[in-house]
Amino acid sequence: MRAVVYHGPGNKAWEEVPKPQVVEDGDAVVRVDAVTICGTDLHILKGDVPAVTDGRILGHEAVGTVEAVGPAVRTVEPGDKVLVSCITACGTCRFCREARYGQCLGGGGWILGHKIDGTQAEYVRVPFADTSVYPVPDGVAAEDVLMLADILPTGYEVGVLNGAVRPGDTVAVVGAGPIGLSAIMGARLFSPSRIIAIDLADGRLEAAKRFGADTVVNNSRQDPLAAVRDLTGGLGADATIEAVGVPETFEAAVALARPGGHISNVGVHGTPAALHLEEQWIRDITITTGLVDTFSTPTLLRLVAGGQLDAGRFITHHFPMGEFLRAYDVFADAAETGALKVVLTR
Ligand code: ZN
Ligand code: ZN
């Protein structure tokens, strides 16, 4: 079969590799029908994730058809359509028993395309299949479900739920890339009075409006703190969601929150960011961080199936799998191409 194989920083190839087999009793081998590329894959290709070593197949998001299962697998069988999630769960460790699957101690967590071979391939081996794949509901497009492999649960759990968004809130979302847009879409489910999207790129702010932002602020031209305070009687946002991952945006997210407000960090940071406790100690703020657990995936699947969540809105480009390298170029050059999520199909 063919797969996207990582060969050190800056190097990847769509090349011939052995087809995966069932290794452990709980494994499923899934034929990949639709797969996407994540910002995290671009971080890996820059060399930011040293745990990913030469020869690793990339990717942690897919929808496919079960091809084979190990003898311990009870809930899926060959022929079933399934979502392969970015988080794998052993199902039995302390953290899995608390639905904190992202922190799994039993060999799960974020392993696909990281510690084991991933989904950007014609076939993928998924460990702990019973607790790690989700049946695709009837009548729902596979590519819509694909958006639930990572970005939608990440924006919803780490951004919206950690941010304790409630009806009537003012929500400020810093960064309007795919994760920020997921957070906007998830926040809308709670009827906030206003969502303010902040970004440097007008194209992303246009997307933010389409995804449900009421107000957009381009912080290359406008001071976001003044804008948010203007809209909130000088107080600041009830919840701010950081969806970029650089020191400036984290510090902005903290400053934008009202006293007693929540700041939920979703961005993946590569360098230290300052927390100005000399200003913040008195403001009763709550700051949360997190890796997605995907405990919300079944809920989000029901919302997509019920037409309450337009997951397909993220998809801007389609490619056949043979054009994986071109798809990477289009996704990496989002400022020029307007790419949000690219989908590759067999
Ligand atoms: Zn991802
Ligand atoms: Zn576990």
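The values are calculated or read from the model by the stated rules, or taken from the named source; none is laboratory data. This is a predicted model, so every value here is computed, not measured. Every residue, glycine among them, receives a Cβ derived from its backbone with ideal geometry; neighbour counts consider all protein chains shown. Protein only, heavy atoms only, side chains kept; ligands, DNA and RNA dropped before computing areas. Shrake-Rupley method; radii C 1.70, N 1.55, O 1.52, S 1.80 Å.
Assigned to a loop (DSSP other than H, G, I, E, B), within 16 Å of ligand 1 (Cβ to nearest atom) and either at pLDDT below 95 or of a type in the set (A, V, I, L, M) (or both), is that true of VAL32? The answer is no for VAL32.
Consider the range 64-97 and keep the residues that are away from ligand 1 (no atom under 16 Å from the Cβ) and touching a Leu at 6+ places or on another chain (Cβ under 9 Å). The one that is most open to solvent (accessible area, probe 1.4 Å) is ARG94. Counting only residues that are among the acidic types (Asp, Glu) and surrounded by fewer than 16 Cβ atoms within 10 Å (Cβ to Cβ), the range 220-250 holds 3 of them.
Looking at ALA129, ALA149, just one residue is touching a residue at least 24 places away in the same chain (Cβ under 8 Å), open to solvent by less than 10 Å² (accessible area, probe 1.4 Å), within 16 Å of ligand 2 (Cβ to nearest atom) and closer than 30 Å to ASP54 by Cα, and that residue is ALA129. Residues that are closer than 15 Å to ILE285 by Cβ and over 20 Å from the mean Cα position of the chain (by Cα) number at least 3 in the following strands (runs of 3 or more DSSP E) confined to the range 185-272: 257-265. Does at least one position in the range 77-86 carry a residue that is of a type in the set (Lys, Arg), more than 16 Å from ligand 2 (Cβ to nearest atom) and within 30 Å of GLY180 (Cβ to Cβ)? Yes - at least one qualifying residue is present in the range 77-86. Here is a check on your reading of the model: is ARG326 basic (Lys, Arg) and either touching a strand residue (DSSP E or B) at 6+ places or on another chain (Cβ under 9 Å) or in a loop (DSSP other than H, G, I, E, B) (or both)? Yes: the conditions hold for ARG326. Output yes when any residue across the range 279-297 is within 22 Å of the chain's Cα centre (by Cα) and in a helix (DSSP H, G or I), and no when none is. Looking through the range 279-297, at least one residue is within 22 Å of the chain's Cα centre (by Cα) and in a helix (DSSP H, G or I).
Filtering ARG31, ARG100, ARG2, ARG56 for residues that are touching a residue at least 40 places away in the same chain (Cβ under 8 Å), touching a Gly at 6+ places or on another chain (Cβ under 6 Å), open to solvent by 10 Å² or more (accessible area, probe 1.4 Å) and of a type outside the set (Ser, Thr, Tyr) leaves a single hit, ARG31.
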